[in-house]
Amino acid sequence: MSDITLLASVTAFLQRSHGHYINGQSVQGQGDKTFSVVNPASDEVIATVNQGGEVEANAAMQAASNAFHGSWAKTSPMERGNCLIRLADLLQKHSEELAQLETLCSGKTIQLSRMLEVGASAEYLRYFAGWSSKISGETLNVSLPSFSGEEYTAFTRREPVGVVVGIIPWNFSIMIAIWKLGAALTCGCTIVLKPSEYTPLTMLRVVELAKEAGIPDGVINIVNGTGADVGTKLLTHPLCAKVTFTGSVPTGKLIGKSVMEQGLFHATLELGGKNAAAFLSDVPVEKIVDGILEAGYLNQGQICAAAERFYIPSVHMDAVLELLTERLSAMRIGSPLDESTEMGPLANKEHYEKILSLFEKARQEGNEILYGGRALEGKGFFVMPTVIRANSADDTLMNEETFGPIGTFLSYDDEEELIAMINATPFGLSASLWTNDLSKAMRMIPRIQAGILWVNMHTHLDPALPFGGTKSSGLGREFGKAFIEYYTELKSVMIRH
Ligand code: NAD
């Protein structure tokens with residue numbers, strides 16, 4: 001098999017000068033500093049982008065604030081939803097172009113870029129669009145008695161919080177930005193997005209489509225650059241009413257602290273995890289291996305909800321590891337632009353180096369690396385999918401988030417001990433439990449600490465289900481009905497008559 005042919009529109013887009021998008025216009029940026037976008041499959045620079053700073057941050061925040069009080073406030077809830085639906089249609093119309101751009105910038109396989117980055121993003125937009133006309137308060141009965149015959153009417157309103165700052169990681173450069181802008185816009189907020197400095201291009205194209213969809217100027221803005229140069233300027237800006245951040249736990253903690261210090265209490269933090277997949281002894285070996293592949297290795301393991309700790313009944317451990325190794329050795333690793341590729345490179349050099357250092361750590365701690373544990377020869381940031389047998393629950397690889405294609409395996413005998421091991425982590429993003437014993441599953445579900453718990457499946461997000469972490473994995477929820485609480489302010493109104 002070979003690489004697909006790049007669309008002319010993709011090649012032309014890459015050749016443009018890239019900067020920011022403010023008040024409905026592409027903006028080059030005032031400063032001379034630029035940064036490179038590197039294709040992780042070839043380690044070659046494919047574009048350069050202007051490094052934003054205070055000037056661009058201020059202009060974007062002002063544009064978002066003007067639109068919040070002006071054009072977007074005048075747009076009816078139904079029309080807000082229609083704007084998102086038209087954007088979803090345009091994402092689908094330009095699906096191949098956006099998917100190719102994403103694959104070039106992040107190394108995601110083209111099939112996954114088409115299906116998740118673009119296909120799922122369009123569906124999320126449609127889900128959020130449906131809420132625009134359904135966000136409402138309630139009428140309440142006043143509880144205390146009236147002393148002199150006066151009467152009261154009371155109700156609540158859900159009002160948009162204002163300008164939202166959305167800070168995005170590199171693993172899903174379109175989809176995670178769409179989660180944030182879809183939620184913000186349907187509630188009546190406007191948004192300034194800061195993409196990851198590794199993947200700054202895709203949303204620059206999406207906002208052009210947003211303009212074509214009829215979303216007024218200033219409603220969505222983009223400022224590109226690093227966390228220090230742009231992220232902090234946006235989230236400490238006086239016009240910022242809410243921060244929605246997806247990224248690592250250390251950055252999330254910094255942002256949470258800064259938000260609290262400035263007395264800004266609207267923050268959604270979607271952070272990392274060290275998610276567990278636990279298989280009970282009634283699951284046959286082949287099904288366990290199917291489950292492990294689903295839970296741990298999609299997108300090179302660069303999915304926040306992916307499993308990294310695998311608990312296997314000791315009676316099945318050897319057979320599972322043997323079959324898993326066989327299945328991984330048949331996996332097609334290669335160019336992400338080849339439609340038959342199942343695993344592409346890691347998304348950037350820093351991440352690749354971090355994964356190599358974790359392989360080293362596993363060796364130092366005497367873990368048995370049954371498969372992988374090394375980089376692939378040649379250009380690009382490719383590593384092998386890896387299977388590690390842990391010595392104990394205390395091993396680094398059983399505790400530290402790798403965010404890579406590394407499964408670490410520990411056997412167990414006792415199901416009580418299993419629950420304690422699953423919960424013995426500061427994280428609590430996701431977990432999965434695999435069993436055909438429904439009563440057992442129903443008894444274990446309330447005891448597992450995670451924001452989302454799957455039974456007989458893993459890594460499957462749905463816009464109808466609230467998503468977010470417990471413990472150090474985050475604050476707040478995206479999707480479902482739950483997101484509304486985080487993008488609106490609840491106002492109580494009481495009238496005496
Ligand atoms: P990161 O924390 O390094 O960066 C995320 C974003 O924050 C980037 O845009 C970065 O420029 C910005 N940033 C960095 N420092 C900042 C600062 N001081 N102020 C403001 N912004 C700042 O994370 P990453 O490496 O891009 O992404 C990988 C991490 O994201 C993993 O830990 C993964 O688990 C997590 N993640 C979580 C979810 C979720 O929904 N819970 C989803 C995807 C990824």
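The values are calculated or read from the model by the stated rules, or taken from the named source; none is laboratory data. In this text, all values refer to a predicted model and were calculated from it rather than measured experimentally. As a convention, Cβ positions derive from the backbone with ideal geometry for all residues, glycine included, and neighbour counts pool all protein chains shown. Each accessible area value is taken on the protein alone, full model and side chains, heavy atoms only, with ligands, DNA and RNA left out. Shrake-Rupley method; radii C 1.70, N 1.55, O 1.52, S 1.80 Å.
Computed extension length for V55-K134: 24.7 nm, one decimal, from 0.36 nm per residue of separation with the Cα-Cα distance subtracted. Sorted into 5 angstrom bins from 0, the C-alpha pair distances of the range 371-441 split as 3, 12, 19, 23, 16, 13, 7, 4, 2, 1, 0 percent. Available extension along the chain between K379 and A8 is 131.1 nm, counting 0.36 nm per residue and deducting the alpha carbon span. All alpha carbon pair distances within the chain were sorted into 20 Å bins beginning at 0; the resulting P(r) in whole percents reads 23, 53, 22, 2, 0. With a Förster radius of 56 Å applied to the C-beta separation of S340 and D413, the computed FRET efficiency comes to 0.85. Length gained on full extension, K257 to V315, computed as 0.36 nm times the residue gap minus the Cα-Cα distance: 16.3 nm.
Peptides 325-331, 13-19, 287-293 ordered by packing proxy, namely the average of other Cβ atoms within 10 Å per residue, highest first: 287-293, 13-19, 325-331.
Enter the accessible area per residue of the chain (Å², integer; probe 1.4 Å; all protein chains in place).
40
Extent of the range 276-455 along its three principal axes (Cα atoms, max minus min coordinate, largest first): 50, 32, 30 Å. Taken about its Cα centre, the range 1-99 carries a charge dipole of about 460 debye when Lys and Arg each add +1 at the Cβ and Asp and Glu each add -1 at the Cβ.
In percent, how large is the relative contact order of the chain, given Cα pairs closer than 8 Å and 6 or more residues apart? Relative contact order, the chain: 19 percent. Shown here is the pair-distance distribution of the range 123-229: with all Cα-Cα distances grouped in 5 Å bins from zero up to the longest one, the shares run 2, 11, 18, 19, 14, 9, 6, 5, 5, 5, 3, 2, 1, 0 percent.
A viscosity of 1.002 mPa s and a temperature of 20 °C, combined with the Kirkwood radius over C-alpha pairs in the Stokes-Einstein formula, give the range 198-302 a diffusion coefficient of 123 µm²/s. Relative to the Cα centre, the charge distribution of the chain, modelled as +1 at Lys and Arg Cβ and -1 at Asp and Glu Cβ, gives a dipole magnitude of about 1520 debye. Ignoring ligands, DNA and RNA, please state the percent of accessible area on the range 276-455 from carbon and sulfur, probe 1.4 Å. Answer for the range 276-455: carbon and sulfur cover 49 percent of the accessible area. Highest mean packing first, where packing is the average number of other Cβ atoms within 10 Å per residue, the peptides 81-87, 298-304 line up as 298-304, 81-87.
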